[in-house]
Amino acid sequence: YFWGLYSKKITKVGAWSGLLSGLIVVGTAVIVTSIISGFPVAKSLAPEFGVSAMAVSFVITPIVSKFTKQLPNEFVRRAFMYIDKK
């Protein structure tokens, strides 16, 4: 959410990449931990998995956005009109 609210350079593809990368991190961590140690252990580690997913998403989103097509300047200007007035 941070990048979408405060950065004018985030693209739609970047946002989706961040969402999917976080989902993949959590899903993989839960599945692997469940197989190795059981679901109760995976469930108890849910906060750590969530923090890891947020960290990965926080890094992936701007990297992908840097290499994908930016939105038109007029669209970005209108979207951030209220924030820029402060």
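Quick notes on this structure:
- One residue stands out in the stretch 40-86 among those that are over 22 Å from the mean Cα position of the chain (by Cα) and of a type in the set (S, T, N, Q): the one that is modelled with the highest pLDDT, namely Ser44.
- Matching residues, the stretch 16-38, being open to solvent by 40 Å² or more (accessible area, probe 1.4 Å), out of contact with any helix residue (DSSP H, G or I) (no Cβ under 6 Å at 6 or more places or on another chain) and either under 20 Å from Arg77 (Cβ atoms) or modelled with pLDDT of 95 or more (or both): Leu20, Leu23, Ile24, Thr28, Ile31, Val32, Ile35, Ile36, Ser37
- Per the conditions (1) part of a helix (DSSP H, G or I); (2) surrounded by 12 or more Cβ atoms within 10 Å (Cβ to Cβ), the sole criterion not satisfied by Thr68 is (1).
- Residue list for the stretch 41-64, filter: over 16 Å from Trp3 (Cα atoms), in contact with a Ser or Thr (Cβ under 9 Å, 6 or more places away or on another chain), part of a helix (DSSP H, G or I) and of a type outside the set (Val, Ile, Thr): Ala42, Lys43, Phe49
- When the stretch 1-15 is filtered for residues that are within 17 Å of Phe75 (Cα to Cα) and open to solvent by 100 Å² or more (accessible area, probe 1.4 Å), the ones remaining, listed by number, are Tyr6, Lys9, Lys12.
- Selection count, the stretch 1-35, where residues are in a loop (DSSP other than H, G, I, E, B) and charged (D, E, K, R): 2
The values are calculated or read from the model by the stated rules, or taken from the named source; none is laboratory data. Note that the coordinates shown come from a computational prediction; the quantities given were computed from them, not determined experimentally. Methodologically, a virtual Cβ is constructed for each residue, glycine included, from the backbone with ideal geometry; neighbour enumeration extends over all protein chains shown. Heads up: the accessible areas ignore ligands, DNA and RNA and are worked out on the full protein's heavy atoms, side chains in. Shrake-Rupley method; radii C 1.70, N 1.55, O 1.52, S 1.80 Å.
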